[in-house]
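**Student:** Got a structure for you, written out below as structure tokens; questions coming shortly.
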Amino acid sequence: MQALVLKNVSKSFGGIDAVSKVDLTVMTGESRALIGPNGAGKSTLFNLVTGEIPLDEGRILLFGKDLTREPVQKRIASQLGRTYQISNLFTQLTVQENLFLASWQTRRKKASLVATLFRSWRKFDNQRRYLAKIAHRVGLADKLDTTVDELSHGENRQLELGITLAHRPRILLLDEPMAGLSAAERIFMTELIMSLKPEITVVIIDHDIDVAFSIADQVSVLHHGAIIAEGSPEQIEKNREVQQIYTLSRQSKDSDHA
Ligand code: ADP
Ligand code: MG
């Protein structure tokens, strides 16, 4: 079954084609890496899939349903989850409180406020156990009562992933989940993401090719908003055009820093 399908999707910002005529199919249970130099259009592509920004052209389907014109909330209800490059947690609240709020918000959409509060009270123990399980899964079992501002950067990212998992997504879009992590935190996060499959279809953006290749079954390469190559990590590694793009972008980065 197809988890995510993009057909001829385009988006421009003031004349710049951020995403240009993209066709993409991700199968259920697959893990796909989306790589490409800075400014290639990777995050914009995610924003189009979630509906955070409207597309100019094209169609987007999730698990066979056309969601091109549906609002963000409807897409989340279709079991789409995502994380962001920039963190948005409640820093004064604890890990457990952040998880609780996130799961409460989702259930609220399905019921009236009073019904939700009543159910929350009745099911509080269940809910607590469920959230503790999530916290355990993302390596924060002993941090449930710690406030977010006391967590390390890596733990922040683990919590963000936990919050997304609490919504029980079937497909997860991860935007640079390793950014700013220490070596040990990267290993933990890589293993965590690997443990999600095949129940959860994963699309991961990472500018570190090694990370993307270690996680993904299939890789799509974006350059100037267009997909220029697609294949297994081995195929992409050997692809001349991809090698050139990465060498060029590395050189321009080096000269920026010089
Ligand atoms: P990536 O995530 O691959 O680094 P982005 O999707 O963030 O790339 O950006 C792709 C291009 O679109 C860039 O040229 C960027 O400056 C531009 N862009 C992204 N978001 C916006 C926006 N909200 N308004 C204007 N330009 C944008
Ligand atoms: Mg980005």
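**Student:** Kindly indicate which of Ala216, Ala212 is within 22 Å of Leu45 (Cα to Cα) and within 16 Å of ligand 1 (Cβ to nearest atom).
**Tutor:** None of the other options fit; the residue is Ala212.
**Student:** The conditions are (1) in contact (Cβ under 8 Å) with a residue 12 or more places away in the chain; (2) of a type outside the set (Lys, Arg); (3) not in a strand (DSSP E or B), and Leu174 fails exactly one of them. Which is it?
**Tutor:** Every listed condition holds for Leu174 apart from (3).
**Student:** Separate question: Would you tally the residues in the stretch 219-240 being open to solvent by less than 90 Å² (accessible area, probe 1.4 Å), in contact with a Gly (Cβ under 8 Å, 6 or more places away or on another chain) and not in a strand (DSSP E or B)?
**Tutor:** Selection size over the stretch 219-240: 2.
**Student:** How many residues does the stretch 166-175 hold that are within 8 Å of the chain's Cα centre (by Cα) and open to solvent by 10 Å² or more (accessible area, probe 1.4 Å)?
**Tutor:** Going through the stretch 166-175 one residue at a time, the tally reaches 0.
**Student:** For the stretch 125-160, give me each residue that is among the hydrophobic types (A, V, I, L, M, F, W, C) and open to solvent by less than 30 Å² (accessible area, probe 1.4 Å).
**Tutor:** Passing the criteria: Leu131, Ile134, Ala135, Val138, Leu140, Val148, Leu151, Leu159.
**Student:** Inside the stretch 12-23, can you point out the residues that are open to solvent by less than 40 Å² (accessible area, probe 1.4 Å) and out of contact with any Ser or Thr (no Cβ under 6 Å at 6 or more places or on another chain)?
**Tutor:** Val22
**Student:** Let me spell it out: the conditions are (1) loosely packed, with under 13 Cβ neighbours inside 10 Å; (2) touching a residue at least 40 places away in the same chain (Cβ under 8 Å), and Gln243 meets all of them except one. Which number is the exception?
**Tutor:** (2)
**Student:** From Ile163, Ile187, which residue is at pLDDT 90 or above, in a helix (DSSP H, G or I) and either open to solvent by 70 Å² or more (accessible area, probe 1.4 Å) or at positive phi (or both)?
**Tutor:** After ruling out the rest, the residue left standing is Ile187.
**Student:** Hey, another quick one. Could you tell me which numbered condition Leu144 fails, if it satisfies all but one of (1) touching a Leu at 6+ places or on another chain (Cβ under 7 Å); (2) at pLDDT 90 or above?
**Tutor:** (1)
The values are calculated or read from the model by the stated rules, or taken from the named source; none is laboratory data. This structure is a prediction, so every number in the text was calculated from the model and none was measured. Quick reminder, even Gly has a Cβ in these numbers, built from the backbone with ideal geometry, and neighbours come from all protein chains shown. These area figures cover heavy atoms from the full protein model, side chains too; ligands, DNA and RNA do not enter into them. Shrake-Rupley method; radii C 1.70, N 1.55, O 1.52, S 1.80 Å.
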